[in-house]
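Every number in this text was worked out from the coordinates using simple rules, so none of it is lab data. Just so we're clear, the structure is a prediction, and the values are computed from it rather than from any experiment. Glycine gets a Cβ as well: all are built from the backbone with ideal geometry, and neighbour counts include every protein chain shown.
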Amino acid sequence: MAKVIIVYETRSGNTEYMAKAIESGMKEAGVEVELKKAARAKADDLKDVDAVVLGSPTYVRAMITAMKTFLFEMEKADLKGKVGAAFGSYGWSGESIGIMTETMVNLFEMDVIEPGLKVKRRPTEKDLEECRAFGKKIADAIK
Ligand SMILES: Cc1cc2nc3c(=O)[nH]c(=O)nc-3n(C[C@H](O)[C@H](O)[C@H](O)COP(=O)(O)O)c2cc1C
């Protein structure tokens, strides 16, 4: 079975709502998913996965610190050609999604699904539906 890891971080829970909805869209599409917070994720977690999905909110025009640290962990894994995707909640500018996407493309040479998914603040039911559809889209790319 195709396998995905979603690594995310959140401060006030909004990006976590997104992560869980993306996970549920993937599971419905029939792929195995592991959901892990960035602070606890290690390069070893990326060994046997077909796709890596990163989620971070935007704080002061950047990713949340734990995600920044995790990108240095990711550098230890061989991710070339694996599928990647980025998502996150934001308030007004939402830079984190572009930064995660850029890093996966340029540094890890991953095959990134673009555009990433941005949701303004707390996801509504409609936003969560979009998150589930995003999860399905990623799942379809690795099946
Ligand atoms: C101190 C602070 C700085 C923020 N800076 C930005 C920012 O630069 N750009 C932006 O789009 N949103 C910014 N936000 C809004 C957050 O991205 C938004 O509240 C988001 O939903 C938080 O996601 P989370 O619940 O997953 O932590 C900021 C919020 C706080 C509290």
Subject >> All positions within the range 80-131 that are assigned to a helix (DSSP H, G or I), away from the ligand (no atom under 16 Å from the Cβ) and within 21 Å of residue 38 (Cα to Cα) >> reply: 102, 103, 104, 105, 106
**OP:** Pull up the range 39-73, narrow it to residues that are outside any loop (DSSP other than H, G, I, E, B) and crowded, with 23+ Cβ neighbours inside 10 Å, then point me to the one that is nearest to the ligand (Cβ to nearest atom).
**Re:** 55
Original post:
Looking at residue 6, is it assigned to a helix (DSSP H, G or I), within 15 Å of the ligand (Cβ to nearest atom) and among the aliphatic types (A, V, I, L, M)?
Top reply: no
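Take the residues in the range 21-38 that are within 16 Å of the ligand (Cβ to nearest atom) and free of Cβ contacts under 8 Å to residues at least 60 places away in the same chain, then tell me which one is surrounded by the most Cβ atoms within 10 Å (Cβ to Cβ).
Just the residues of the range 21-38 that are within 16 Å of the ligand (Cβ to nearest atom), to begin with: 21-23, 35-38.
Remaining after also requiring free of Cβ contacts under 8 Å to residues at least 60 places away in the same chain: 35-38.
Values: 35: 17, 36: 16, 37: 17, 38: 22.
Across the range 21-38, the extreme among qualifying residues is 38.
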